[in-house]
């Protein structure tokens, strides 16, 4: 089904001064608005899709914005990103004309785009940029293409990616590994993060973002460095942590399974048998007997 904007808006004392111009490509739709606002004008906006807005021309920063009905007004904003479902209020203190470039973005393709840039988690937060920022020339070029098309969609898509990087403040990613896989410090960071979050589901995308790599490159680097995939590495960490808990604590197997992120005891048993060749219960029984035997020998030696 073709993606369409679904925004709900309520405005007061704001009227267009030029016909709306828009252009669709891929999973994005861009609108260029030229409007006149009376003093005290404003609006309420909510969309089930993420939105990116950049103000154009000399009146950048004219509107006040906030994302809660009683929150403090943000002033001097030149561009902003609003995640799906988040409400937005605007207010115009003084009468003036202004223009803005709006993007309505389909969430799934946007997540893929940001994941490749290591910023998927940023799409769930609002981001506001001050009026003095580097988006203006990019937005002006894109707005001109929306109003007077002369270039193919690939140009607009590249400009949209650049705007997202600026507004969401996406940093440079780690250089993609050609040989040698992951640097040791990255492996340490990934292991530390995984161990701290082992009780919950950990997505490969989460590890990729932490490493500053795309998912495909992370998988390739894991195989080069550790000889396994990220998913199997996580399972290995869960099993190793479970072994420590079985040896060092009186916790039951169901409790241990939950603590290390397995769905249930049966899930732990399957993963454990695949890794160790025996069930957790059998492994624990042998280790417990060995510890007891060693403890008895030490006592006899002291006697």
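Quick check, is residue 254 surrounded by fewer than 18 Cβ atoms within 10 Å (Cβ to Cβ), modelled with pLDDT of 90 or more and assigned to a helix (DSSP H, G or I)?
Details: surrounded by fewer than 18 Cβ atoms within 10 Å (Cβ to Cβ): yes; modelled with pLDDT of 90 or more: yes; assigned to a helix (DSSP H, G or I): yes.
Yes.
Among the residues of the range 148-165, write down those that are surrounded by 14 or more Cβ atoms within 10 Å (Cβ to Cβ) and touching a strand residue (DSSP E or B) at 6+ places or on another chain (Cβ under 7 Å).
Once the filter is applied, which keeps residues that are surrounded by 14 or more Cβ atoms within 10 Å (Cβ to Cβ) and touching a strand residue (DSSP E or B) at 6+ places or on another chain (Cβ under 7 Å), the range 148-165 yields 153, 156, 157, 160, 163, 164.
Checking the conditions here, which among 195, 210, 218, 190 is part of a helix (DSSP H, G or I), surrounded by fewer than 15 Cβ atoms within 10 Å (Cβ to Cβ), modelled with pLDDT under 95 and not assigned by TED's automatic domain parsing to the domain that holds residue 27?
The match here is 195.
When the range 1-19 is examined, which residues are found to be at pLDDT below 95 and closer than 21 Å to residue 147 by Cα?
Of everything in the range 1-19, those that are at pLDDT below 95 and closer than 21 Å to residue 147 by Cα turn out to be 3, 4, 5.
Examine the range 105-123 for a residue that is in the same structural domain as residue 37 (by TED's automatic domain parsing) and modelled with pLDDT of 95 or more, and state whether such a residue exists.
There is at least one residue in the range 105-123 that is in the same structural domain as residue 37 (by TED's automatic domain parsing) and modelled with pLDDT of 95 or more.
Here is a list: 5, 93, 48. Which entry is farther than 18 Å from residue 168 by Cα and more than 26 Å from the chain's Cα centre (by Cα)?
Working: 5 fails: more than 26 Å from the chain's Cα centre (by Cα); 48 fails: more than 26 Å from the chain's Cα centre (by Cα).
Checking each option against the conditions leaves just 93.
Restricted to the range 225-245, and to residues that are free of Cβ contacts under 8 Å to residues at least 24 places away in the same chain, surrounded by fewer than 16 Cβ atoms within 10 Å (Cβ to Cβ) and in contact with a helix residue (DSSP H, G or I) (Cβ under 8 Å, 6 or more places away or on another chain), which residue is nearest to residue 197 (Cα to Cα)?
Checked the range 225-245; the qualifying residue nearest to residue 197 (Cα to Cα) is 229.
Going through 51, 24 one at a time, which residue ends up being within 28 Å of residue 149 (Cα to Cα), surrounded by 18 or more Cβ atoms within 10 Å (Cβ to Cβ) and either assigned by TED's automatic domain parsing to the domain that holds residue 159 or in contact with a helix residue (DSSP H, G or I) (Cβ under 9 Å, 6 or more places away or on another chain) (or both)?
Working: 24 fails: surrounded by 18 or more Cβ atoms within 10 Å (Cβ to Cβ).
Exactly one of 51, 24 is within 28 Å of residue 149 (Cα to Cα), surrounded by 18 or more Cβ atoms within 10 Å (Cβ to Cβ) and either assigned by TED's automatic domain parsing to the domain that holds residue 159 or in contact with a helix residue (DSSP H, G or I) (Cβ under 9 Å, 6 or more places away or on another chain) (or both), namely 51.
So residue 45 ticks every box in (1) surrounded by 14 or more Cβ atoms within 10 Å (Cβ to Cβ); (2) out of contact with any strand residue (DSSP E or B) (no Cβ under 7 Å at 6 or more places or on another chain); (3) closer than 24 Å to residue 142 by Cα but one. Which box is left unticked?
Only one criterion is unmet by residue 45, namely (2).
Considering the range 258-276 alone, what residues qualify as being closer than 18 Å to residue 288 by Cβ and buried (at least 19 other Cβ atoms within 10 Å of the Cβ)?
Passing the criteria: 268, 272.
With 99, 126, 111 as the choices, which residue is under 25 Å from the mean Cα position of the chain (by Cα) and surrounded by 16 or more Cβ atoms within 10 Å (Cβ to Cβ)? Even if it seems obvious, please write down each step before you answer.
On the way: 99 fails: under 25 Å from the mean Cα position of the chain (by Cα); 126 fails: surrounded by 16 or more Cβ atoms within 10 Å (Cβ to Cβ).
111 is the lone residue from the list that is under 25 Å from the mean Cα position of the chain (by Cα) and surrounded by 16 or more Cβ atoms within 10 Å (Cβ to Cβ).
Exactly one condition in (1) under 21 Å from residue 8 (Cα atoms); (2) out of contact with any helix residue (DSSP H, G or I) (no Cβ under 9 Å at 6 or more places or on another chain); (3) not in a helix (DSSP H, G or I) is false for residue 32; which is it?
(2)
Kindly indicate whether residue 41 is part of a strand (DSSP E or B), over 15 Å from residue 135 (Cβ atoms) and at pLDDT 95 or above.
Details: part of a strand (DSSP E or B): yes; over 15 Å from residue 135 (Cβ atoms): yes; at pLDDT 95 or above: yes.
So residue 41 fits the description; yes.
Taking the range 1-29 on its own, how many of its residues are in contact with a strand residue (DSSP E or B) (Cβ under 9 Å, 6 or more places away or on another chain) and over 27 Å from residue 94 (Cα atoms)?
11
Checking the conditions here, which among 76, 71, 108, 40 is farther than 22 Å from residue 156 by Cα, out of contact with any strand residue (DSSP E or B) (no Cβ under 6 Å at 6 or more places or on another chain) and in contact (Cβ under 8 Å) with a residue 12 or more places away in the chain?
Working: 76 fails: out of contact with any strand residue (DSSP E or B) (no Cβ under 6 Å at 6 or more places or on another chain); 71 fails: in contact (Cβ under 8 Å) with a residue 12 or more places away in the chain; 108 fails: farther than 22 Å from residue 156 by Cα.
Being farther than 22 Å from residue 156 by Cα, out of contact with any strand residue (DSSP E or B) (no Cβ under 6 Å at 6 or more places or on another chain) and in contact (Cβ under 8 Å) with a residue 12 or more places away in the chain holds for just one of 76, 71, 108, 40, which is 40.
Would you please name the residue that is surrounded by the fewest Cβ atoms within 10 Å (Cβ to Cβ), looking only at residues in the range 65-74 that are assigned to a strand (DSSP E or B) and more than 23 Å from the chain's Cα centre (by Cα)?
Here the residue is 74.
Of everything in the range 7-29 that's free of Cβ contacts under 8 Å to residues at least 60 places away in the same chain and not in a strand (DSSP E or B), which residue is farthest from residue 112 (Cα to Cα)?
18
The values are calculated or read from the model by the stated rules, or taken from the named source; none is laboratory data. For clarity, every value in this text was computed on a predicted model and none was experimentally measured. Quick reminder, even Gly has a Cβ in these numbers, built from the backbone with ideal geometry, and neighbours come from all protein chains shown.
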